1. Would you say GLU190 is part of a loop (DSSP other than H, G, I, E, B) and open to solvent by 10 Å² or more (accessible area, probe 1.4 Å)?
2. Name the residue that is nearest to the chain's Cα centre (by Cα), counting only residues in the stretch 70-116 that are among the small types (Gly, Ala, Ser) and open to solvent by 70 Å² or more (accessible area, probe 1.4 Å).
3. Hey, GLU181 hits all of (1) farther than 21 Å from ALA92 by Cβ; (2) open to solvent by less than 60 Å² (accessible area, probe 1.4 Å) but one; which does it fall short on?
4. When the stretch 128-137 is examined, which residues are found to be in contact (Cβ under 8 Å) with a residue 40 or more places away in the chain and open to solvent by 80 Å² or more (accessible area, probe 1.4 Å)?
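The values are calculated or read from the model by the stated rules, or taken from the named source; none is laboratory data. Keep in mind that this is a model prediction, so the values were computed, not measured. Heads up, the Cβs are rebuilt from the backbone with ideal geometry, glycines too, and the neighbour counts pull from every protein chain shown. The protein model used for the area step is the full one, side chains on, heavy atoms only, and it has no ligands, DNA or RNA in it. Shrake-Rupley method; radii C 1.70, N 1.55, O 1.52, S 1.80 Å.
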Amino acid sequence: MTDPPRARISSRKQPKQARSSELVAAILDAAAQVLAREGAQRFTTARVAERAGVSIGSLYQYFPNKAAILFRLQSDEWRQTTDMLGGILADAQKPPLARLRSLVHAFLRSECEEAAMRVALHDAAPLYRDAPEALAARASGDRIVELFMLEALPCAPEATRALAGDLISTTLGNVGKQFSETERSLGEIEAYADAMADMFCAYLEALGAGGQGA
């Protein structure tokens, strides 16, 4: 039994001229607005083209379907998150736990600032979550966390580091999404981030103490 064909999610072609780049940027900006306002279920290429002020034919020159547009928006979001992840966790000027605390604060602020679009992208994830491009994007973030855990828990067994990294990443992502679904004040975000960071840091400190004792 063969698997059902997947929708194509890669762009048809990459813009090579300034005018083409501007067109793609306009399409993506319109797509983000439509997604935030209408949600994933009512997101269509026709609505995006209308919002961008371009013909549906012009849109299809670069994006074959709505899954391709949504994946591009998701890819841009992943890239921003991965850049933030790498920039904070790889900062050797700060001790590991201070970096982790900074990441929690930055991540929660980011989630709350773009909550509507992030929630909609999460709802659209079944369209592309198993695609090779999606797996590669996640692997990049996993590698950053893996290297950070090696630095934060140098004496712990590899399995312990892997479990800790997965637990922190999964908790941060899921709790961040749920927390951002309600409008939050800056004070609420900071207080919640402090509490979550305290929990993560205490967890890693306990694992570190156990690894050193062993």
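1. Working: part of a loop (DSSP other than H, G, I, E, B): no; open to solvent by 10 Å² or more (accessible area, probe 1.4 Å): yes.
Criteria not met by GLU190.
2. So the residue we want is ALA90.
3. That leaves (2) as the condition not met.
4. Taking the stretch 128-137 and keeping what is in contact (Cβ under 8 Å) with a residue 40 or more places away in the chain, we get 128, 130-131, 133-134, 137.
The answer is ASP130, and nothing else.
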